[in-house]
Protein chains: 2
Amino acid sequence: MVTVDFRPIAKRVDVPSGTGLLDAARLAGVVVDTPCGGNGTCGKCVVRILEGEVDCESFGSLPEGMVAEGYVLACRSKVVRGPLAVLVPEAEGRLGGKLVEEDERYLVRHELLPKQWEFDPLAIKWLFHVPLARLEGDRSDLGRLRQAVQREWGPSPVHVPLGVLRHVAETLREAGGQVTLTIVRTGEALHVVRIEPGDHTTRHFGIAVDVGTTTVAVQLVNLTLGEVLSTRSDYNDQVECGLDVISRINYAQRPDRREELRRRVLATINRLIERVAKPHGVEPHEITNAVVSGNTTMTHLLLGLVPEYIRLAPYTPTVLEVPYVTAAELGVQINPDSWVCFSPCVGSYVGGDITAGLLCTDLVTDREEACLFIDIGTNGEIVVGNRDFLMTCACSAGPAFEGGGIACGMRAALGAIERVQVDPATGAPIVTAIGGVAPRGICGTGMMDLIANLFLAGWLDPAGRLERSRPSPSIRVDGKRAVYVLVPEERSGTGQALVVSEQDIENVLRAKAAIYSASSLMLEHVGLAPTDLATIYVAGGFGRFLDIETAIVLGLLPDVPRERFRFVGNASLTGSYMVCVSQEYRRRQLEVARRLTYLELSTEPNYMDQYTGALFLPHTDLARFPSVGARSLK
Amino acid sequence: MVTVDFRPIAKRVDVPSGTGLLDAARLAGVVVDTPCGGNGTCGKCVVRILEGEVDCESFGSLPEGMVAEGYVLACRSKVVRGPLAVLVPEAEGRLGGKLVEEDERYLVRHELLPKQWEFDPLAIKWLFHVPLARLEGDRSDLGRLRQAVQREWGPSPVHVPLGVLRHVAETLREAGGQVTLTIVRTGEALHVVRIEPGDHTTRHFGIAVDVGTTTVAVQLVNLTLGEVLSTRSDYNDQVECGLDVISRINYAQRPDRREELRRRVLATINRLIERVAKPHGVEPHEITNAVVSGNTTMTHLLLGLVPEYIRLAPYTPTVLEVPYVTAAELGVQINPDSWVCFSPCVGSYVGGDITAGLLCTDLVTDREEACLFIDIGTNGEIVVGNRDFLMTCACSAGPAFEGGGIACGMRAALGAIERVQVDPATGAPIVTAIGGVAPRGICGTGMMDLIANLFLAGWLDPAGRLERSRPSPSIRVDGKRAVYVLVPEERSGTGQALVVSEQDIENVLRAKAAIYSASSLMLEHVGLAPTDLATIYVAGGFGRFLDIETAIVLGLLPDVPRERFRFVGNASLTGSYMVCVSQEYRRRQLEVARRLTYLELSTEPNYMDQYTGALFLPHTDLARFPSVGARSLK
């Protein structure tokens, strides 16, 4: 028998050698997601072998770097020799009150990455021969270097910053005029960001950065091959200064606090850069390009710009398309002369995260059918369009989807209820908490699951009122108010009963109504019905825990055939990566940002009507949700 | 009677009220130069009234700033009330072992400055109205700012550095969209280097900088009117690390020493910036453009570039045309986003000081007659040309012209012999030392005067040998060697006799031969005789003490009609100023730098012959110096 120790949840099981790792996990009561049914195709069952030995039939599409670090597909691996220590990353990802580092399997959808022929990074490395003496023209080192670059890359101006210029003389002579230049092409000019003697074209790195209001993710990219070497994410250090963009903007009113916010997000990024680079033996100065995507407020705060006017009418940010800035100017700890390329913003509430995210969709292609893109978070951003038009709008959903604004709400962390089933007969809940511990609260997904299931079981009416006419052990009525007891005092991890009020439910309904009505209104604006949409892309870190059926029952997502939905995960990070490795995607992104028409919802006369209609479960207009009608009748 | 106290030489005289100041000076034995004969036109007799009162008929072309500081023309001023304290700046300039600050009257030739209609500074200040909201196009602050700039200045790319961008939002709103932008136009782009709320177009400053191997000069320019507010110069702090460019290059072989040299010259420049700006109440951030001219080595050292390959065949500097650099990148303490524009270099030994200096001459105009430009210093740089061609060469003259390489040589400082007359009958000298004190050595000008007068008096033969056949109390013969006693022990300020050897004389002859033969060879190259030259420009700090007759007797300058010579003083500084206030001069300078053909003397077969012929007084070929022949026969 071999002992298998699943970490970090500390469940243990003894199995015979030869047992499948997935079976061992199930025996131990450890949840390992297998959406593909254990066929080795979805890559979702990745675990990491910390000790002991397994036999792997295949690694599927796991990147080489991950395999080298001990990652395997649980469904393709057999226990060989123990004691075996297996890290189950999903549980790890949700552990503790703080998000721990995640791997690219959650953040990046490999199927979305640019194809081989599109691989053409913003920063390229090229071996040049610069003759040591030349009699014609500018005989200086810089003159000859420029000529060499222009011979290869055309007549654009060649910019050589002072930091690089200081190494030119020695480097040109160290290997007889053979030099490797790292060059960034901005359309306007060719920027030489690094010079090395001899041929160094095989070591070439960039980073993709998603700067979220809550979470920052950094990805190390091998720019020689385009592969992602490592992805790490962490809370944005700014979180302590306010949970949403408005509170950050308020915090930034004093110049010293604006500087504090800049330093905080910079510290987060730099910490993550070290975390992705160090294990791969990559030095900061070897990283010569960064692509950063963030919403408009995050973009301003990272640049040290005054964010105030983002939230004040007429809503004019300082920048939408960020000018050329270097890592040194910005304070990002990579090669100081590197270009830090920002994804362009569209308006105050549609930022670079969206123009990056759109790169993961057909909205940037010449597809004729219309598609919808929904990024669900504290703010919802929605884009609809096809090759002929693109329209976007944004709405404030509030923090309910992240467990905020709910009396017993919490983040998707250890002890958070993430699944709730409801007994149709009694209305009693069966809850599942993250980590299998005593529940300490309920996260956004849990709330959505609870509301949808209460509704389907007939214990919640379409207006979000709990059933009062039938007695339920879980519903307590106190005068006009009713509450739902999710976990009684004696089984709660906090020592207090976990109770959901109708107000809590309303907060979720408001959030879903904001997003649904915004997308619905925008569709009307362009004369489309949800069923006209070929694909609906759902983005957001949230996206990966979202159950599509639940979302439709809630009336958050439109009731269309399920195969039309695509979860694109952290599309902002994936989009940043795509820009980093592809000039073509950068071009598309700028084009899309300029093409996008912004629909200001606050001045739309129909928005309040749409919103009010959407406050119901799933909607006042049941015809919009035929499949939900069918289920709730059961 | 009024007592007039001339400072700092401390000579005093009592004159009746109404006496001309120039007459008072002459009575007191104080030398005040009056090349125009006291007509109030040359501006050379400037003195400063420290106490008391004078009556000024006119201030000639003295800048207002100087008049405000008490400067007057001695030839146009009458003594009114005493006691009168008068500062005589030339004496001040030569006092002490260290150059003291000089004023623009020595450094800048006002007649050379750009005309009114050429006034068009590199950095301009312009008042813009940027509408606060705009519905079309990029609605961001940056977008609207760019549009405003492009409406006025055309479709060039508008660059806004992060440092400026951080002030855009608040500044745009402070005065209802009225903003003053400081913009630098580089041809490639429009760079916004400063933004201010409201109309600030009347305060606008730049600096012109001459970075010499020995001396650095900085000039504060009012860019609203183009006037020079102040000029200060000081020794280059690098002097302690070597006296000439070759020793600096050697010193810079270690990276830490290269960095030391960079810091030293930067410290000099920054110190002088403070000295020019503070008295005028100009803050560093109000200075938004700098134009720097220096020889190729000085340019490299200030930029922190490796200078090594300047002196090694095939003599390829890292840069000739310096890319766009900001004050912050360079470390110059003016507005950090300012452009520091460098005068372009032509080759290893023809630098930005020359391309700046040429702006003071007709060589950059479309004049048909050929002109010659000679910059005399440790290195000599020579340019010949007209509107159709331009050729340049450089030679090493050695330090003899600055008193170096001479046993009792010294700089033109207190106690330095600067004039020597020779009694034709006895060969005995009559010496004049700076400051009227006991002589302590002889400076370059003194050596030239000595040699020319010994030769004219018949006590030195054309080969530089002292007369041995006739006895002279001043010539001591010791075997084969002879020396000339300039000052006997008992009258010397050092307690030791000041003696000039034939070796010392030979060093001066070598220096003059290097320069004469270089210019002569270059003239031959282009098929011109000295008499074909319409104008001969003589530049160099040295230039102002140089006596033209002496220089011709020596055979340093060609024997052509005297009115063809023009002394252009510190032409490098004047040229820097001209670029600072004129786009047109910048354009001409770049064009001239590219047009200049460099003649490499070391590979010229005739150079040694020419040089050897020029080692004689005035030359082996006496036909070249008819006027000298006539005088020496007397």
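Entry remark, the range A:378-407: residues being assigned to a loop (DSSP other than H, G, I, E, B), modelled with pLDDT under 90 and either in contact with a strand residue (DSSP E or B) (Cβ under 8 Å, 6 or more places away or on another chain) or surrounded by 22 or more Cβ atoms within 10 Å (Cβ to Cβ) (or both) number 5 in total. Under the condition of being assigned to a loop (DSSP other than H, G, I, E, B) and either free of Cβ contacts under 8 Å to residues at least 24 places away in the same chain or not assigned by TED's automatic domain parsing to the domain that holds A:P471 (or both), the residues counted in the range A:424-442 number 1.
Assigned to a strand (DSSP E or B) and of a type in the set (S, T, N, Q), is that true of B:S156? Before the answer, list the steps.
On the way: assigned to a strand (DSSP E or B): no; of a type in the set (S, T, N, Q): yes.
For B:S156, the condition - assigned to a strand (DSSP E or B) and of a type in the set (S, T, N, Q) - is not met.
A count restricted to the range B:176-191 and to residues that are in contact with a Ser or Thr (Cβ under 7 Å, 6 or more places away or on another chain) and in a strand (DSSP E or B) stands at 4. Taking the range B:387-412 as the range and being in contact with a Lys or Arg (Cβ under 7 Å, 6 or more places away or on another chain) and without any contact (Cβ under 8 Å) to a residue 40 or more places away in the chain as the test, the residues that pass are B:R387, B:M410.
If you check A:L135, A:L162 for being within 14 Å of another protein chain (Cβ to nearest Cβ), modelled with pLDDT under 95 and surrounded by fewer than 22 Cβ atoms within 10 Å (Cβ to Cβ), only one passes: A:L135.
Evaluated against (1) of a type outside the set (S, T, Y); (2) within 18 Å of A:C580 (Cα to Cα); (3) at pLDDT 95 or above, A:G331 falls short on exactly one condition, (2). Within the range A:318-327, the only residue that satisfies the criterion of being within 7 Å of chain B (Cβ to nearest Cβ) and either in contact with a Lys or Arg (Cβ under 8 Å, 6 or more places away or on another chain) or part of a helix (DSSP H, G or I) (or both) is A:L320. Kindly indicate whether any position in the range B:68-91 is outside the structural domain of B:A433 (by TED's automatic domain parsing), under 30 Å from A:L596 (Cβ atoms) and at pLDDT below 80. No, that holds for no residue.
If you scan the range A:543-576, which residues turn out to be in a helix (DSSP H, G or I) and aliphatic (A, V, I, L, M)?
Start the filter on the range A:543-576 by keeping residues that are in a helix (DSSP H, G or I), which leaves A:543-544, A:548-554, A:562-564, A:571-576.
Within the range A:543-576, A:I548, A:A551, A:I552, A:V553, A:L554, A:A571, A:L573 qualify.
Looking at the range B:328-350, which of its residues are more than 27 Å from B:A394 (Cα to Cα) and not in a loop (DSSP other than H, G, I, E, B)? First the steps, then the outcome.
Filtering the range B:328-350 for residues more than 27 Å from B:A394 (Cα to Cα) gives B:328-339.
B:A328, B:E329, B:L330, B:W339, listed by residue number.
Could you please let me know if B:L528 is hydrophobic (A, V, I, L, M, F, W, C), buried (at least 21 other Cβ atoms within 10 Å of the Cβ) and more than 17 Å from B:L615 (Cα to Cα)? Taking the combined requirement at face value, the residue does not satisfy it.
Under the condition of being in contact with a Gly (Cβ under 8 Å, 6 or more places away or on another chain) and not polar (S, T, N, Q), the residues counted in the range B:509-525 number 9.
Of all residues in the range A:171-189, those that are within 12 Å of chain B (Cβ to nearest Cβ) and among the hydroxyl-bearing types (S, T, Y) total 2.
Identify the residue in the range A:483-525 that is under 27 Å from the mean Cα position of the chain (by Cα) and of a type in the set (S, T, N, Q) and, among all such residues, is surrounded by the fewest Cβ atoms within 10 Å (Cβ to Cβ). Per the stated criteria, the residue is A:N507. Summed over the range A:337-367, the residues that are within 14 Å of another protein chain (Cβ to nearest Cβ), out of contact with any Pro (no Cβ under 8 Å at 6 or more places or on another chain) and among the acidic types (D, E) give a count of 0. Hey, could you check the range B:589-606 for residues that are crowded, with 20+ Cβ neighbours inside 10 Å and assigned to a helix (DSSP H, G or I) and say which is modelled with the lowest pLDDT? So, considering only residues that are crowded, with 20+ Cβ neighbours inside 10 Å and assigned to a helix (DSSP H, G or I), the one modelled with the lowest pLDDT is B:L601.
Can you name the residue in the range A:613-629 that is free of Cβ contacts under 8 Å to residues at least 60 places away in the same chain and part of a helix (DSSP H, G or I) and, of all such residues, is surrounded by the fewest Cβ atoms within 10 Å (Cβ to Cβ)? Ranking the candidates gives A:A623 first. A:A551 fulfils the conditions (1) in contact with a helix residue (DSSP H, G or I) (Cβ under 8 Å, 6 or more places away or on another chain); (2) without any contact (Cβ under 8 Å) to a residue 24 or more places away in the chain except for a single criterion, (2).
Scanning the range A:192-209 for residues that are more than 11 Å from chain B (Cβ to nearest Cβ) and part of a strand (DSSP E or B) yields A:V193, A:R194, A:I195, A:E196, A:P197, A:F205, A:G206, A:I207, A:A208, A:V209.
Of the candidates A:V168, A:V130, the single residue that is touching a helix residue (DSSP H, G or I) at 6+ places or on another chain (Cβ under 9 Å), β-branched (V, I, T), more than 10 Å from every other protein chain (Cβ to nearest Cβ) and crowded, with 18+ Cβ neighbours inside 10 Å is A:V130.
Yes/no per residue for (1) in contact with a strand residue (DSSP E or B) (Cβ under 8 Å, 6 or more places away or on another chain); (2) outside the structural domain of B:L220 (by TED's automatic domain parsing); (3) β-branched (V, I, T); (4) closer than 30 Å to A:G177 by Cα:
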residue: B:R264; (1), (2), (3), (4): no, no, no, no
residue: B:R271; (1), (2), (3), (4): yes, no, no, no
residue: B:H280; (1), (2), (3), (4): yes, no, no, no
residue: B:V291; (1), (2), (3), (4): yes, no, yes, no
residue: B:Y315; (1), (2), (3), (4): yes, no, no, yes
residue: B:P323; (1), (2), (3), (4): yes, no, no, yes
residue: B:A327; (1), (2), (3), (4): yes, no, no, no
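Would you mind stating whether A:V579 is over 22 Å from the mean Cα position of the chain (by Cα), assigned to a helix (DSSP H, G or I) and buried (at least 19 other Cβ atoms within 10 Å of the Cβ)? Answer is no for this residue.
Among the residues making up the range B:201-226, those that are more than 18 Å from the chain's Cα centre (by Cα) and either surrounded by fewer than 17 Cβ atoms within 10 Å (Cβ to Cβ) or in the same structural domain as B:K278 (by TED's automatic domain parsing) (or both) are B:T201, B:T202, B:R203, B:N222, B:L223, B:T224, B:L225, B:G226.
Scanning the range A:232-257 for residues that are basic (K, R), surrounded by fewer than 18 Cβ atoms within 10 Å (Cβ to Cβ) and in a helix (DSSP H, G or I) yields a single hit, A:R257. Residue count for the range A:258-311, restricted to those that are assigned to a helix (DSSP H, G or I), β-branched (V, I, T) and either surrounded by fewer than 24 Cβ atoms within 10 Å (Cβ to Cβ) or away from chain B (no Cβ under 14 Å) (or both): 5.
Among the residues of the range A:550-568, is there at least one that is within 19 Å of A:G357 (Cβ to Cβ), among the β-branched types (V, I, T) and surrounded by fewer than 18 Cβ atoms within 10 Å (Cβ to Cβ)? Looking through the range A:550-568, none of the residues is within 19 Å of A:G357 (Cβ to Cβ), among the β-branched types (V, I, T) and surrounded by fewer than 18 Cβ atoms within 10 Å (Cβ to Cβ).
The values are calculated or read from the model by the stated rules, or taken from the named source; none is laboratory data. If you're wondering where the values come from, they're calculated on a predicted model, not measured in any experiment. Counting neighbours? That spans all protein chains shown, and the Cβs are built from the backbone with ideal geometry, glycine included.
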